[in-house]
Amino acid sequence: MTAPPYVEGHSLLDGRIVVVTAAAGAGIGFAVARRAVEEGATVVISDVHERRLAEAADALEAMAGSRPLALICDVRHEADVQGLMDAAVAQHGRIDVLVNNAGLGGDTLLVDMPDEEWDRVLDITLTGTMRCTRAALRIMEAQGHGVIVNNASVVGWRAQTGQTHYAAAKAGVMALTRCSAMEAAGSGIRINCVSPSLAMHPFLARTSSDELLESLVGGEAFGRAAEPWEVANVIVFLASDYSSYMTGEVVSVSSQHP
């Protein structure tokens, strides 16, 4: 089954300042940044890959007519995270939405996994999300408003061989979402999470075997992977006023069979 036609924007984020981590390349992060621009937002993008980040900024500038603020940010480093948030506020005066997209996977059996691989996946995927959330919350609490959307994965719920580190990290992102949402609600801040099953993009295609991808696609009801923009649509919904009564929720973006 082929993907449906691309959905046009409806000004859901009109006038919002949206910060997106890991927004370079052709995955969910860039799809979110593009979708946010199409929905009327001003975006700030970050990534660890300088060339791809510049290419993403070029593409967004061509769309919007103005170049977005684009900063190198390694979410493992507190100084990078704080620098990203400070730069967004310095240029735009506030942060309305943060999308925590940075994450790292792998495919290693637990019996073969060195501590270094486990630590790297957890540091980027879970602790990095915590660092960005913590820094944004300090700004949003002072503002009295804000929205944070985290990117988890269905492997936070479902078992998959070779994914113990990634699954543990994504399950942690879900728990982080729920607990931080309760803490932030009194300040007018909402925090939710998406849990995609399989979104196809070039990096995933390069780093996963054909056999693995075929087996994953075979478990999807539509017989195909999601397009990154289909996941981005749900993230935009959670960032918008249409989800004003939702916080601490994990929304599955999946067509997998139970």
Problem - Segments 162-170, 82-90 sorted - mean Cβ within 10 Å per residue, highest first - result: 162-170, 82-90
Practice task
Kindly list the residues of segment 1-43 that lie in the label zone of Arg224, defined by a backbone N under 18 Å from the point 7 Å along the Cα-to-C-beta vector.
Solution key: 1-8, 27-28, 31
Exercise for the section: Taking the Cβ of each residue in Phe237, Phe222, Phe30 as the centre, tally the other Cβ atoms inside 10 Å and list the residues starting with the fewest. Expected result: Phe222, Phe237, Phe30
Fill in the blank from the handout: The alpha-carbon center of segment 42-60 and that of segment 224-244 are separated, in whole Å, by 20
Exercise for the section: Taking the Cα centre of segment 17-252 as origin, work out the dipole magnitude from +1 charges on Lys and Arg Cβ and -1 charges on Asp and Glu Cβ, in debye rounded to 20. Expected result: 540
Handout entry: Paramagnetic reach from Ile72 (point 7 Å along Cα→Cβ, amide N under 11 Å) across segment 123-163
Key = none
Handout entry: Sequence-separation-based contact order of segment 111-196, relative, with Cα cut under 8 Å and 6+ spacing, percent
Key = 37
Problem - Normalised contact order of segment 5-102, rounded percent, pairs of Cα under 8 Å and 6 or more residues apart - result: 32
Practice task
Could you tally the net charge around Ala184, taking each other residue with its Cβ under 15 Å from the Cβ of Ala184, Lys/Arg +1 and Asp/Glu -1?
Solution key: 0
Problem - Per-residue [θ]222 nm for the chain (sum of -39500 (n - 2.57) over DSSP H runs n ≥ 4, rounded to 500) - result: -14000 deg cm²/dmol
Handout entry: Highest average packing first - 31-44, 239-252, 92-105, Cβ atoms within 10 Å
Key = 31-44, 92-105, 239-252
Practice task
Determine the relative contact order of the chain: mean sequence separation of Cα pairs under 8 Å and six or more apart, normalised by residue count, in whole percent.
Solution key: 20
Handout entry: In nm, spacing of pseudo-spin labels at Met182 and Gln160 (7 Å Cα→C-beta vector)
Key = 2.9
Problem - By average C-beta atoms within 10 angstrom, highest first, the peptides 5-13, 226-234 - result: 226-234, 5-13
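Throughout, read-outs are computed from the coordinates displayed, never taken from laboratory work. All values derive from a computational prediction rather than experimental measurement. Reconstructed Cβ throughout: ideal geometry from the backbone, glycine too, with neighbour counts over all protein chains shown.
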